[in-house]
Each structure stands twice: as C-alpha cells, then as structure tokens.
Amino acid sequence: MRIAVVGSGYVGLVAGACFADLGHDVILVDNDEGKLAALRNGETPIHEKFLPELLERHRGHRLQFSHDLHEAVRASSAIFVAVGTPPTDRGDADLSYVESVAREITGAISEYKVIVEKSTVPVYTSEWVRRIILRNGADPECFDVASNPEFLREGTAVTDFLFPDRIVVGCDSERSAQLLRQVYEPLTSGSYYQRSDAIPQPDRASIPAPMIVTSSKSAELIKHASNAFLAMKISFINAVASVCESVGADVKQVCTGIGTDARIGRRFLNPGIGYGGSCFPKDVMAFRAVARECGYDFRLLDEVMHINEEQRQRFLRKVRSALWTLRGKRLGVLGLAFKGGTDDIRESPALFIVQALLQEGCKITVYDPAAMGHIEKELKSNLQCASSAYEAAAGADALLILTEWEEFANLDLHRLTSALKYPIVIDGRNLYDPELMAAHGITYYSVGRTASHSESVPAGVRNGQKKA
Ligand code: UGA
C-alpha cells in the first residue's frame, strides 16, 4: 500500500519507518528542509533503538522524504497525520497544525483516501478534520477520517509499534476500517513475525497483534484515557510511597504485593520523582480540559497532577534533610532525561530538580548517557558535565540518581564510594537495595523505603582526604 505520513517528528518518523518495514511504500512529509536533508543523508534525529537500522534498510527504497504534501497525498491511499499538538496556556491541545494539514490536503483528494489521525488529539478532532476538508471543497465520497492512536514509549517505540499490545483503529465507515486492516495485516496475521529480518521480538509480546476497531470518538478517548490511567497509576504508587515512608514500610514489597494481583498488574507501578516527558504531563492536562469542555469535572486528574508535582518537592526535601544546608554543596547527578533509554529532557523531573538545586546554591556535576547534548546553553554554563557516573561522583558531598538508566543500576559500588567525598546516595528511582548499599558503607535514601544509614566511616576519611 502507498502511505503518506505527515510530520517527521518522533511519532511520524517511527511510524513511517515501521510501515516501510511492513512492506508499504511510504512518503514521509515535512516542511523542514533541514530535517529532510539530514534524513536523506542517513542521519537519525532521535535516540531510538532499531530506528537507525530501519531507516538504513528502507531509505531511498520504500521510504522517501518529501516536502511536497500534495504530491504525497495524491500518491497515497492512507494519509497518517502525525504533526505536533503542543499544549496551549489553558492546558488544552493546540490543533492548529492538524487543521492546517486538513486544509492543505483537500486539493489533493481526487480519489478515495483515508485521513488518519496519529497525533494525540482530543475527542471530536476527526469530526473537525472531516468538516474542514468538506468546507474546503472535497467530495464527501472521496475520503474518510479515522483515528489510529499510537502507544509508543520513547526508547522502545519501534518494538512497541511492531509488537503492540493492541492496535486501535477508530473508523466511522467499513471502507476505512477495511483499508486500515490492510495496513496492519502483516502484524494482525502474524506474517511479519515469520520474517527472518523482522525486528527481534521483545519479552511479553502478544503476537499476532490484536486489532480493536471502534468509532473514531472512542479511539480518540482510548488514547487520552490510557495515558491518564498510566499517569494515575504512577501518582497512586507515589502517594502510597509517601505513606510507606511515614510508617517505615517498604514500597517495593507493597508493589509486589499489590502488583501480583492480575487486575492491578506490576507494570507502571514504580515510585520515583514523578512522571515527565512530552506525553503524560501534556495529555493528563489536555484530557482534563477536554472533560471540562464536555461538561464533566474530572477532578481525579487534578489530584494526579498535584501528586506528581509534590513528588519532586518531596525529593528536594529529602536532599535537604540528608545534607542539611545546600549552599555551596557539591552534588553529583546521574540522569537528566525524563526516563532511561532516551535523550529527551522535555518536562523532565530530573531537570526540574537540578534547576531547583542550582537555585539553592549547589554546585552540580551531571552525567547522562544520552541527554547531555540537549542541555540548554544557559543551564550548561551553571553545570559541570561529566563523561561517566564515577566522574560525576568524584569529590561530591552526595550522589543523586534522577533517571532510571540501566547503567546507573549496575555501578561498581566500591569505585563509587571511593570517588565520593561522603558516601551518600539519594536515589529518586529506587535502583538499589538499601541493605546492599549499607553493606558498602553507603548512606542511602530512596523513595518509599526507610533510609539505610551506614555505620562505617566516610570514604574521604578512609582515603585520608581532608573534609571541608
Ligand atoms: C507514554 C506512554 O507510555 C505511551 O504508551 C504513549 O504512547 C506515549 O506516552 C505517548 O503518548 O506518546 P513515554 O512518555 O515515552 O510513553 O514514557 P513512559 O515510559 O510512559 O514514561 C513516562 C514517565 O513516567 C517517565 O518520566 C517515567 O520515568 C515515569 N514512570 C514510568 C514512573 O515514574 N514510574 C513507572 O512505573 C513508569
């Protein structure tokens, strides 16, 4: 099938590359010539596992890059719209890019096409897209609008696309549903998974992928409700973690105890410094705004956001209570990205905490395996950048773990204690066992668990260094 994907951002690029891997001919459209040139030159603008391989495999063959929206639409049966929907000041989504694509493509609709929303959009968007296309003169028989939300996590987006828990397509006509069934047929029939060059199957993959066909409104709601529910799960466990801290219980044990109930599930039940990224904060706010607009006061979502903000403040209080005064303290920080496995620092709780600590007068040396290049100039001038976790820890009064990178969970603790001025680790992601840390002489603070205080002498004293 010939497919156009409009917008070569994170969702569009992954979807385009994966559609090509399913055997479709894809034109990826963007109005940013610089981005298109980089893609044609073999660059991969985002840090995403397997994406470089897929781009390499299909670039110039099944995957073309173009700025010509009309030409791409004329050549394609399905047009996936994956342009940005940034939040407005009021918290709802700015749909002006979606509207302008709908307006622009109208002139190129001469035979039947399905326009598919792929961006995260509020309920009623497909109805509006249809209205805009009709208003601009398209023949109503020549197109349908459908919704096909994505459930891709940054860092694992390619495998999430190719091995999805479910594919949701919201269609208001059988004709459009049929066309979308064809698009995803290699996944729903399982033929993709038989191929020797298929991307390796992750754990827990449910293959072949189930497809859920709904109305377009239901599909739009499924996307917002899924993200809001996951964010709620995280805020819930963060609230439980706070209670655990008050009573001296262990949130990890509580998570295992409740998460093994199949109705609850263990995933997305990790407490920490709150959720971040370009999706959850924006989508919870947008869903709240959509509900309000539709006449429902979804106050539960206010609480989800409130707990999330409070979680960062709690962590800052923890740093203060571990170190007493902060002015002039040297801190090593591990992690800037909003989560492990990505270079994305948008709405990163780690970044928020670093900025707050700088304001309190701390001197910070930071290390992140992928996100260092994204630090803004102004912030960078206030930070020391390290090229390893041990370099970030060198001479620090304490080490803070702010992002759940795998390499941060496997540090050489002997090396770490001898690098630190004081063996104090404040872990916002619960990557270590408190007993193990205590056994290594580390005073360890984490989330929802009692701090483990080491009895041993500080590393600097052991190493014969002079204390400040
Ligand atoms: C999220 C959803 O998981 C995807 O299904 C969805 O498609 C995507 O948003 C989107 O709407 O585009 P993503 O933002 O990439 O994906 O990241 P997640 O893995 O969901 O993590 C979000 C945040 O929650 C991170 O800051 C992470 O550290 C935090 N988190 C996650 C926790 O604090 N605890 C957990 O147990 C899980």
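Here residue 201 and residue 363 are evaluated by their C-beta separation; at R0 = 56 Å the FRET efficiency comes out at 0.75.
Decide, for the chain, between rounded, prolate and oblate: order the square roots of the alpha carbon gyration tensor eigenvalues as a ≥ b ≥ c, take rounded if a/c falls under 1.5, and otherwise choose prolate if a/b is larger than b/c, else oblate. Prolate shape, in that a/c is at least 1.5 and a/b is the bigger ratio.
With Cα atoms defining each centre, region 254-306 and region 96-149 are spaced 30 Å apart in the structure. Considering only 451, 365, 63, and ranking their Cα positions along the charge dipole of the chain that arises from unit charges at the beta-carbon of Lys, Arg, Asp and Glu, the one farthest toward the positive end is 451.
List the lysines whose alpha-carbon lies under 30 Å from that of residue 217, not counting same-chain residues fewer than 8 positions away? Of all the lysines, those that pass the test against residue 217 - Cα under 30 Å, at least 8 places apart if same chain - are 113, 118, 233, 282. For the chain, the Cβ-based charge dipole about the Cα centre amounts to some 1320 debye (Lys, Arg positive; Asp, Glu negative; other atoms uncharged).
Accessible-area rank, largest first, for 95, 179, 399: 95, 179, 399, with all protein chains present and a 1.4 angstrom probe.
Per-residue counts of other Cβ atoms within 10 Å, averaged by peptide: what ranking do you get for 60-67, 169-176, highest first? Walk me through the intermediate numbers first.
On the way: 60-67: 16.2, 169-176: 18.9.
Order by mean packing, descending: 169-176, 60-67.
Ligands, DNA and RNA left out, the 1.4 Å accessible surface of the chain is 51% carbon and sulfur atoms. For region 86-193, the square roots a ≥ b ≥ c of the C-alpha gyration tensor eigenvalues yield an a/c of 1.5 or more together with a/b not exceeding b/c, which makes the shape oblate. Stretched out straight at 0.36 nm per residue, the stretch from residue 297 to residue 1 would grow longer than its current Cα-Cα span by 102.3 nm. For region 169-235, the residue among 187, 222, 235 whose Cα projects farthest onto the positive side of the dipole built from Cβ charges is 235. For residue 309, the shell of other residues with beta-carbons less than 15 Å away shows a net charge of +1, using +1 for Lys and Arg and -1 for Asp and Glu. Computed over protein heavy atoms with a 1.4 angstrom probe, the accessible surface ordering of 80, 268, largest first, is 268, 80. For the chain, the per residue solvent-accessible surface stands at 44 Å², with DNA, RNA and ligands left out and a 1.4 Å probe.
Taking only C-alpha pairs under 8 Å that are 6+ residues apart, what is the relative contact order of the chain in percent?
Once divided by the residue count of the chain, the mean separation gives 11 percent.
The values are calculated or read from the model by the stated rules, or taken from the named source; none is laboratory data. What you are looking at is a predicted structure, and each value in this text was computed from that prediction instead of being measured. Every residue, glycine among them, receives a Cβ derived from its backbone with ideal geometry; neighbour counts consider all protein chains shown. For accessibility, only protein heavy atoms count, side chains too; no ligands or nucleic acids. Shrake-Rupley method; radii C 1.70, N 1.55, O 1.52, S 1.80 Å.
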